[in-house]
């Protein structure tokens, strides 16, 4: 880089004096409007520093920054926006709160709001157990299918959500008991094996039909009170339908033996204490809409 | 300043020194000094006002014609009507942002087809390259909006304040009622043109007659007023006040176009082989041993950017060809042939000097490549437009859960399909599936009457959810838990479209 200024022959303009690999730059004058715009921008930046958050500084409490006279913060902007959204939503939420759940299902615009709200609430509250797609797992019901333990109508779902199942803190919680036939010495191992074969035979999966017939007698003596004589279950008691293809804990012989021997007692939280009534209605409508609602 | 060794300085000194003795002083314009000459270079440059003189001639007429044509297209197009059927906008050219459609006569572009605009821009770029490689900065000189509006504004200025010498005198005068009236009138008309320009702009984005009525009754939406205000400000500032500053400082085209012409491009040039040695000419004397240029300065006076074309090719020259008309007028008066300044190529300039015959190589590799590329892109666009489908289908398979086992042992998959009806009439669409044997299609709500018959309005799209279930005894159709499935959508006129997807179940 030399600092030799010289005059360019063609234009008659002086060069800046710098040279990069033989390339020189003509020192042409800058237009005044351009310069003044630049100065105005500088002045504007000074104004900005006074009004808006600008400069960080180190203080005894760590790094802080100048807050600006306008008091603008990003958090403040977000909470203002959330406030506006809540106010807008309040119109619909009031209606959902007031109407019975079956009527909401008939109202298209309210359903749009309810389903969207239900989906969001589901992801926050229900997905940890029932899965993000509501497909459940071992011991957690699949809410997409058409098999319901305690009823799949809107009001049934609403009650289950509000009071839970075996949720001790709720007085109205749904209660039932799958007995522990082995642990409580109600049946022998052989009887349990027989009745397990019988239950499998109801879905045509039994290996030994003779054993299954024996098991049928055990079934008639011990199980029909809850599961019904046809083993099709009882939704008032929360007793599963033993003839269908859906098993909450597994439909293989070993699992059925375990269920019979040691009982089952899954717990569903009571959301009535934690979520407002309108939210529970939204959730019930959402779950009902997943494809298995009755 | 260092040594005054340049020709330019000598010439200026000559012109200044011999001004009083010039016998052709009636044709001289002594105040015509180029704005970018060496003498006028302070550190920060104030805006140098260019007062260009009106010329008459072929190119001035061409420019008036192009201006009339382009301005008419711009102002009139929003009002052209095009019938598209009931419920659809009837404006020929409309960018409907709220509804997200672009209408151009018989064309209707949806946002996902924006690549047509890309194609259009590519065509425009290639067209520009071709035009520039053939005839230099014709865009800048004739059709650029900055040039057209500045030309219009200067025309208005000439109406109120007179031609060049009258305007220079008026600027030097003190303020009087007459001067105030002239200046105020000019600025008022400028503002009016600017408002109309801004107005025409917003008319492309809304129904023009409706919006026009709303604007004059002050009931238009705020956005319209804001944008009209914005464009009024920019048109007035850029066309009335900034003028050549836009071309010289703000616009990137001068720099790009300089790279696009070559030695065979037709550029507005001063034929120095004919014009030099320049100097004043006394009437009746011979033209032997001297150039045809009588140093009258008319070319500088006529230039809207205020440069001297005799200095050679320069960035500021927008090649508007007004200096050609100015010089031709003078050449006619002194009885010399026209064309001292004209469209000339660099190679022809060298050929003339060497005594070789002139050649105009408009068809050469560069122009051929541009022209062919242009034709290819145009062909692609025409084919794409001709094959544009008015019925489209998208299928999104539910991913969570992948499949659901129902209480009777059958497997169910959920699908969200989007049917897009781009026709200008409403249709009823029938949805069916083609897939594993026994697969059943059902709507998501049990009490829907006819879930597979979907009515969609004109120019609309609809999202519909479906369930497809496969009974337990047909599950063998699944190969490793997977089977191919297609959704087929047909309408009552016979249009149909197919979209392939999959059906999944448990691994066997």
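The values are calculated or read from the model by the stated rules, or taken from the named source; none is laboratory data. Just so it is clear, the model here is predicted, and its values are computed rather than measured. For neighbour counting, all protein chains shown are included, and Cβ atoms are generated from backbone atoms with ideal geometry for every residue, glycine included.
Would you confirm whether any residue within the range A:264-284 is surrounded by fewer than 18 Cβ atoms within 10 Å (Cβ to Cβ), part of a helix (DSSP H, G or I) and at pLDDT 90 or above? Within the range A:264-284, one or more residues are surrounded by fewer than 18 Cβ atoms within 10 Å (Cβ to Cβ), part of a helix (DSSP H, G or I) and at pLDDT 90 or above. Within the range B:487-501, the set of residues being at negative phi and exposed (fewer than 15 other Cβ atoms within 10 Å of the Cβ) comprises B:488, B:492, B:493, B:496, B:498, B:500. The set of residues from the range A:114-146 being surrounded by fewer than 19 Cβ atoms within 10 Å (Cβ to Cβ), away from every other protein chain (no Cβ under 14 Å) and in contact with a helix residue (DSSP H, G or I) (Cβ under 6 Å, 6 or more places away or on another chain) comprises just one member, A:121.
Within the range A:179-194, track down each residue that is over 39 Å from the mean Cα position of the chain (by Cα) and under 20 Å from residue A:247 (Cα atoms). Scanning the range A:179-194 gives A:192, A:193, A:194. Please verify whether the range B:47-54 includes one or more residues that are crowded, with 17+ Cβ neighbours inside 10 Å and either at pLDDT below 50 or more than 22 Å from residue B:294 (Cα to Cα) (or both). Yes, the range B:47-54 contains at least one residue that is crowded, with 17+ Cβ neighbours inside 10 Å and either at pLDDT below 50 or more than 22 Å from residue B:294 (Cα to Cα) (or both).
Scan the range B:138-173 residue by residue and report those that are part of a loop (DSSP other than H, G, I, E, B) and over 26 Å from residue B:258 (Cβ atoms). Answer for the range B:138-173, where residues must be part of a loop (DSSP other than H, G, I, E, B) and over 26 Å from residue B:258 (Cβ atoms): B:162, B:163, B:173. The residues of the range B:396-418 that are assigned to a strand (DSSP E or B) and over 17 Å from residue B:495 (Cβ atoms), listed by number, are B:396, B:397, B:404, B:405, B:411, B:412, B:413, B:414, B:415, B:416.
Taking helices (runs of 4 or more DSSP H) as the structural unit, those lying wholly within the range B:268-336 and holding at least 1 residues that are touching a strand residue (DSSP E or B) at 6+ places or on another chain (Cβ under 7 Å) correspond to B:298-302, B:322-334. In this structure, does residue A:159 turn out to be more than 11 Å from chain B (Cβ to nearest Cβ), over 15 Å from residue B:403 (Cβ atoms), assigned to a helix (DSSP H, G or I) and over 18 Å from the mean Cα position of the chain (by Cα)? Yes; evaluated as a whole, the condition is true for this residue.
Yes/no per residue for (1) at pLDDT below 90; (2) more than 14 Å from chain A (Cβ to nearest Cβ); (3) surrounded by fewer than 18 Cβ atoms within 10 Å (Cβ to Cβ):
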site	(1), (2), (3)
B:154	no, yes, no
B:174	yes, yes, yes
B:184	no, yes, yes
B:191	no, yes, yes
B:198	yes, yes, no
B:204	no, yes, yes
B:210	no, yes, yes
B:213	no, yes, yes
B:234	no, yes, yes
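Among the residues of the range B:401-417, some residue qualifies, meaning at least one is over 28 Å from residue A:250 (Cβ atoms) and either surrounded by fewer than 18 Cβ atoms within 10 Å (Cβ to Cβ) or away from chain A (no Cβ under 14 Å) (or both).
Of all residues in the range B:252-267, which are in a loop (DSSP other than H, G, I, E, B) and in contact with a helix residue (DSSP H, G or I) (Cβ under 7 Å, 6 or more places away or on another chain)? The answer is B:260, B:261, B:262, B:263, B:264, B:265, B:266. One residue stands out among those in the range A:16-32 that are more than 11 Å from chain B (Cβ to nearest Cβ) and in a loop (DSSP other than H, G, I, E, B): the one that is nearest to the chain's Cα centre (by Cα), which is A:21. The strands (runs of 3 or more DSSP E) falling completely within the range B:419-477 that include 2 or more residues that are in contact (Cβ under 8 Å) with a residue 24 or more places away in the chain, buried (at least 18 other Cβ atoms within 10 Å of the Cβ) and touching a strand residue (DSSP E or B) at 6+ places or on another chain (Cβ under 9 Å) map to B:427-434, B:453-456, B:460-470. Exactly one residue among B:391, B:396, B:375, B:358 is at pLDDT 95 or above and more than 27 Å from the chain's Cα centre (by Cα), and that residue is B:396. Within the range A:126-143, residues that are within 18 Å of residue B:407 (Cβ to Cβ) reach partners that are in a helix (DSSP H, G or I) with beta carbons closer than 6 Å, at six or more positions or on different chains, in the pairs A:136/A:130; A:140/A:129; A:140/A:130; A:143/A:130; A:143/A:287.
Looking at B:93, B:76, B:117, just one residue is in contact with a strand residue (DSSP E or B) (Cβ under 9 Å, 6 or more places away or on another chain) and either buried (at least 16 other Cβ atoms within 10 Å of the Cβ) or free of Cβ contacts under 8 Å to residues at least 12 places away in the same chain (or both), and that residue is B:93.
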